[in-house]
Structures are given as structure tokens and as C-alpha cells.
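Read the figures in this text as sums done on the coordinates, not as results from a lab. Keep in mind that what you see is a predicted model, and the values were worked out from it rather than measured. Cβ atoms come from the backbone with ideal geometry, glycine included; neighbour counts cover every protein chain shown.
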Amino acid sequence: MPDNGEFDTDVLIVGTGPTGATAALVLATMGVRTHMVSLWNWLAHTPRAHITNQRTNEVFRDLGLSDEIAREASPWEVMGDTLFTTSLAGQELVRMRTWGTGDARKGDYVKASPCGMVDIIQPKLEPILLKNAAQRGACFTFNTEYLSHTQDENGVTVFLRERVNGREYQMRAKYLVGADGARSLIADQIGLPIEGQMARAGTAYITFNADLTRFVAHRPSILNWIVTPDAAFGEIGMGLLRAVKPWTQWIAGWGFDMSKGEPDLSEPFVRQQIATMIGDPTVDIEILNSSIWYVNQAYATQYSKGRVFCGGDAVHRHPPSSGLGMNTCVQDGYNLAWKLAYVLKGYAGEGLLDSYSDERAPIGKQIVLRANQSRLDYAPLNDCFRVKGTPNPVAAGIARFRDPGPDGVAARDAVRTALELKDTEFNAQGVEMNQRYASGAVITDPNVGEEEFDKDSTLFVQPTTRPGAKIPHAWLVGRDGLKKSTLDVTGHGKFTVLTGLSGEAWARAAEAMPLPFLRTVVIGSPDAQDLYCDWQRVREIDEGGVLLVRPDGHIAWRVHSPVEDAHTAGELLRKALAAILNNPTVEELALPASADVFEPPLSDTPPPQFA
């Protein structure tokens with residue numbers, strides 16, 4: 001799509017949160033002109049999202065951000081257990097192993113990915129994304145209000161206002177991305193269909209400073225649930241002390257009855273609530289800010305209209321239960337951006353962009369339903385600590401829980417079952433990693449039926465090379481003897497033809513059509529040795545078969561067996577690329593015969609630039 005000078009930028013992104021900043025980072029890394037605008041003076045200033053799962057860390061690894069993320073995040077081991085206690089200083093009722101840190105699950109997490117989990121708050125994450133996007137060429141403007149847009153067959157005209165002086169102006173872009181949050185004006189203006197319910201319940205959040213090291217350092221925990229008869233906690237029935245900066249900055253959270261209007265956030269009440277939750281009135285507390293938020297259960301069934309695309313909270317709105325929000329936002333931006341880049345560079349037809357909604361809308365619905373179900377799943381746990389019909393149900397429940405009699409035995413037996421149910425929130429590796437895409441950018445394997453999961457797909461990862469799935473992680477060894485993941489030799493903005501030593505015809509065919517976005521990886525070659533036989537265990541195809549892996553790491557196409565010659569392989573490969581990219585003239589994109597063929601990065605730390 002040539003630039004005739006009519007456009008101020010290729011892609012204009014409204015919103016600098018995880019979705020917008022990730023999309024800008026990918027686009028800038030791929031050499032696409034990108035401009036971000038934000039209504040606000042700076043980035044997130046409250047520690048909203050924080051749990052960062054393995055799949056999102058894989059995205060950051062692909063973008064070369066792993067080291068920066070690790071420096072700013074609380075490490076995996078600090079996330080630790082989740083506590084249920086009468087107060088932080090008081091009687092502990094039960095403790096749960098969470099975020100894959102327990103003995104029973106840690107191996108599953110280590111086996112599934114080269115990346116672990118971390119806890120990084122949004123005010124630390126967003127500057128990393130924005131800084132890197134800017135360093136790679138993205139532009140951004142703060143204090144800028146999005147007003148409206150019009151679109152035509154060639155582009156989008158976006159109307160903006162400078163908040164500092166009120167000046168209104170317009171920018172012309174080829175595409176518009178609405179990453180403008182849960183009250184998205186863009187999603188509303190293009191009429192995206194939203195299903196579900198907003199404001200199902202209300203929660204108060206108080207950010208405060210207090211050194212609580214002596215209560216938690218011996219049992220590291222990001223989340224501490226408080227069950228006490230001395231405070232009112234609304235619908236969930238428990239209060240939350242969440243570590244923001246272990247162990248000196250915290251959020252205290254509790255529900256409130258929306259039918260009675262706004263909650264009491266006066267300083268005396270808030271201080272009393274926090275002191276009760278800590279369990280030690282002598283602790284010095286510095287209140288930083290108070291806010292309320294509402295539990296939503298709403299999702300869009302379509303993410304775009306014409307040249308306008310929405311992502312993040314604009315299209316999926318839900319509580320923080322299960323820690324899926326920020327992760328899904330990042331992955332929205334990652335999915336959309338490479339497709340925009342390929343269309344803008346002329347590699348793909350505009351039909352490729354239809355796959356964004358087809359792939360991400362089902363994921364958005366899934367996480368909205370999962371997060372709300374996780375909230376409901378606290379009910380059985382609450383019942384273990386309550387005796388209904390008594391003057392003080394919580395006090396009676398706590399006493400019963402410690403009773404050696406038959407009622408106490410029954411309550412303690414019930415709590416084990418209730419905690420196992422909460423695994424679907426706190427150890428739900430399958431929800432986070434088992435995403436399967438079905439769209440025009442994926443060619444279904446005709447040799448297999450519908451996928452069946454060997455274990456609970458909510459809890460456990462099932463690695464597979466089925467088209468639509470993410471390429472499984474397996475450790476390879478380079479010629480330098482260092483380990484690298486299959487994720488490291490794929491991605492980085494390019495399609496990958498991945499085969500084995502006996503798949504020579506596939507490799508020769510790919511190398512004979514040196515497309516600017518195509519690389520070849522031969523597992524078993526000196527640069528990608530399968531010394532552990534890890535890849536052999538998960539590849540699900542013959543060594544001489546082939547996988548075509550997309551820039552986002554998802555498998556677009558596979559053939560189980562070798563083919564006779566490079567000509568046959570080339571015909572099959574060209575046909576697959578043309579279908580996936582919605583570009584029947586894909587062969588015309590080949591580089592001149594004298595041009596260098598791109599070699600994939602083979603070091604442990606992928607380079608940040610893959611333009």
C-alpha cells in the first residue's frame with residue numbers, strides 16, 4: 001500500500017495502556033509509522049493489573065524486553081502462596097499454593113515455557129513498553145482527547161483536541177486502533193456488539209504504604225485474603241491485602257453494597273478497616289489514594305469495523321480474578337499489530353485483518369466468563385468460615401473451623417474441596433496457555449479430528465502442533481552449546497518454515513523463494529540441535545514434515561510427512577502462504593536473487609529489532 005503523502009501516520013492508536021503500547025511496539029519494531037495519543041498527562045499511576053503470566057512473558061521475550069521486565073517485577077517465587085487468615089497478624093486459617101509455585105505444579109510450568117510468571121504493576125510495565133516503542137520509532141502525544149473519526153476506503157480521519165489549549169485538529173491514518181479502555185468511545189462509535197452486564201458489584205481499593213515485612217517475609221504472598229467478623233467486606237465476604245511493592249506498599253480491597261450508594265471512604269473508616277485487616281493497630285499507615293471500581297461481565301463479539309480495530313478493555317470487561325486482564329490486553333495488541341504491518345508492507349491482503357476478530361473475540365469471551373466464575377467460586381470457601389443463622393456468622397464459622405468435633409471435621413474437609421475449586425483461578429495454566437485460533441489465517445489439518453484434552457484444559461497445558469495452537473516449547477542447542485527455545489528460533493516478526501534434517505525438500509523450497517518475511521529453521525542442524533529429544537516428543541509430525549509458524553508463534557499450517565522434491569514442496573508452501581496472507585500474488589514479493597536470506601536469531605537473548 002504505497003504512501004501518497006496523504007497520511008500523517010500509518011496507524012493511529014488511541015490509548016497507551018498494555019494493548020495500545022504493545023501494538024505500537026510491534027508496529028514500530030516492524031518499521032511501520034505509528035502514532036499514539038493519550039487523554040492523560042502520563043501513563044498508569046495506580047497499581048491496577050500486576051499478574052503477568054507465561055504467555056505474556058513469551059510475548060515480551062519475543063520483543064526483547066525480558067531483562068527489563070525482570071528488573072522491575074517481583075519475581076515468581078515472591079508471588080508464592082495465597083493466604084486466608086483472620087488478619088495478617090492473626091490466626092491463619094488455610095494456605096494455598098498458587099501461580100504454579102507449589103510442588104505439584106511447578107514442573108508443569110517449567111516444562112511448558114522458557115518463561116515463568118512475574119508480578120509487575122502497570123505503572124512499571126507501561127513505561128517499558130512506551131519507551132521501547134518510542135526508541136524503535138513510534139510517536140506519541142499526551143493530553144490529547146480523541147473526539148471522533150470518519151473512515152473511507154483509503155483511510156481514517158481522526159479528530160482530536162489538545163487538552164492544554166483546547167485546539168482541535170485532525171490526523172489522517174490508514175488504520176485506527178481503539179485501545180481506549182472499558183468506556184471506549186471508539187467501540188461505541190463503530191457500534192461493536194457488546195454482550196453481558198456492566199457494574200454487577202462494587203469494590204473499594206485503598207493504596208497505602210506500611211512496612212508489613214514482619215508479617216509476611218517468612219511466607220511470601222502477593223494476595224492475602226482476610227476473613228474476620230470485625231469488618232464488612234461485601235459480596236465476596238473477604239477483604240484483600242495485595243502486595244504492590246513487597247513488603248512496604250499495599251492495596252486493601254473490599255466489596256460494598258451498591259444498593260446503598262457510594263461506599264464510605266472517609267479517612268477514619270478506611271484507617272480502621274486497614275488496621276483490622278492487618279491485625280496490629282500500632283502499624284504506621286500512609287494512605288496514598290482511594291478509589292472504587294465495578295465488577296463487569298461484558299465482551300464484544302466483533303472487534304473491528306472497516307479500518308477501525310478495538311482491543312483490550314474496550315472489548316472485554318471483567319474483574320481481576322484469575323489475573324487475566326492485562327495479559328489478554330497485551331496479547332490482543334500482539335495479534336493485531338503484525339497483521340496490520342503485513343498489510344501495510346504489502347505482504348498480505350486486507351482479508352488477513354478479518355482474522356483478528358475471529359481469533360481474539362472467542363478468547364475475550366472466555367476470559368470474561370472465567371474471571372467472573374472465579375469470583376463466584378469463592379462462595380464454597382466462604383461457607384467453610386460461616387455459620388448461617390447465628391448472630392455473628394463469621395465468628396461462629398471461625399470457631400467451628402477449629403472445633404475438634406464433627407462439625408469442625410466437616411468444615412475442614414469442605415475447605416479442601418473449596419481450595420481445589422480455586423485452582424481454576426490460581427493455577428489455571430491451561431486457561432493462560434491453551435489458546436487455539438480458528439480463522440482464515442489458519443489452515444485446518446484435514447488429517448485430525450477435533451482436539452481432545454488428556455487433562456483438565458483449564459488447569460493443564462496440552463502442547464500441540466495443530467494449526468491454530470502456539471508452537472510448543474522445546475529446548476534446542478545451538479552450535480555454541482547454549483540452549484534456546486523453539487520460541488527463540490521462530491517469531492520476531494517473520495513466518496518460519498520449520499522442518500527436520502529429513503525435510504530437505506521443504507528447506508530447499510523455502511530457500512528458493514527468499515521472501516522478506518520468511519525464514520527457514522532445520523531442527524537437527526548445528527544451529528538447532530534436538531539433543532534432549534524434546535522436540536521429537538512434541539512435534540506430532542514426522543521429522544521430514546513441516547510446520548509454518550506465524551510471527552506471533554501460532555502454527556498456521558502443517559504437513560505430517562516429507563515430500564518427494566523441492567518443486568512439490570514449493571507449490572504446497574506457496575499455496576499455503578497465499579491463503580493465510582490473503583495474497584494470491586505472494587511469489588511476487590520475493591527478494592532479488594542476490595539479496596541475503598534472513599537468518600533467524602540463534603542467541604539466548606533475541607534482538608529487539610526485526611524490521
For a protection proxy built on the mean count of beta-carbon atoms within 10 angstrom, sort 101-114, 9-22, 213-226, 295-308 highest first, please. 9-22, 295-308, 213-226, 101-114
When only C-alpha pairs under 8 Å and at least 6 residues apart count, what is the relative contact order of the range 436-611, in percent? 28 percent
Rg/Rg_ref, the range 46-200, where Rg_ref = 2.2 N^0.38 Å and atoms are Cα: 1.42
The FRET efficiency for Ala414 and Asp480, from their Cβ-Cβ distance with R0 = 56 Å and rounded to 0.05, is 0.55
Between His45 and Asp565, what is the label-point separation in nm under the 7 Å Cα-to-beta-carbon projection? 6.9 nm
Taking max minus min of the Cα coordinates of the range 271-364 on each principal axis, largest first, gives extents in Å of 65, 25, 19
Can you give the FRET efficiency for Glu350 and Arg508, using 1/(1 + (r/R0)^6), R0 = 30 Å, r = Cβ-Cβ distance, to the nearest 0.05? 0.40
Mind checking the log10 I(q)/I(0) for the range 36-91 at q = 0.16, 0.18, 0.20, 0.27 Å⁻¹? Debye, one equal scatterer per Cα, no solvent, two decimals. -0.76, -0.87, -0.96, -1.17
Rounded to whole Å, give me the distance from the Cα center of the range 413-465 to that of the range 269-298. 36 Å
Across every pair of different alpha-carbon atoms, what Kirkwood hydrodynamic radius in Å does the range 162-201 reach? 13.1 Å
Among Thr520, Leu147, Ser304 the positive-end extreme of the charge dipole of the chain (Cβ point charges): Leu147
Surface/4 of the Cα convex hull for the chain, nm²: 29.7 nm²
To the nearest 0.05, the calculated FRET efficiency linking Arg71 and Asn392 through their beta-carbon distance, R0 being 60 Å, is 0.80
Explain nothing, just the number: dipole magnitude of the range 464-569 about its Cα centre with +1 on each Lys and Arg Cβ and -1 on each Asp and Glu Cβ, in debye rounded to the nearest 20. 400 debye
Inter-label distance for Leu376 and Asp407, nm, one decimal - labels placed 7 Å from Cα along Cα-to-Cβ: 3.0 nm
In debye to the nearest 20, how big a dipole does the chain give about its Cα centre with +1 on each Lys and Arg Cβ and -1 on each Asp and Glu Cβ? 920 debye
Can you tell me the length gained on complete extension of the stretch Arg271 to Val78, counting 0.36 nm per residue apart and subtracting the Cα distance? 66.8 nm
Divide by every residue of the chain the summed helix terms, -39500 (n - 2.57) for each DSSP H run of at least 4, and state the resulting mean residue ellipticity at 222 nm, rounded to the nearest 500 deg cm²/dmol. -9000 deg cm²/dmol
For the range 436-611, the Kirkwood Rh over every pair of distinct alpha carbons, in Å, works out to 16.5 Å
Would you work out which of Ile292, Ala395, Ser321 lies farthest towards the positive end of the dipole of the range 255-401? Charges go on Cβ: Lys and Arg +1, Asp and Glu -1. Ser321
With just the Cα atoms defining each centre, how far is the range 177-231 from the range 487-564? Give it in Å. 42 Å
For Asp284, placing the label point 7 angstrom along Cα-to-beta-carbon and taking the range 204-218, residues whose amide nitrogen sits under 16 Å are 208-214
How far, in nm, would the chain grow between Glu6 and Asp456 when pulled straight, counting 0.36 nm per residue and subtracting the alpha carbon separation? 156.7 nm
Can you return the lysines within cross-link range of Lys339? Criterion is Cα-Cα under 24 Å, with same-chain partners fewer than 8 residues away left out. Lys131, Lys174, Lys305, Lys365, Lys470, Lys494, Lys575
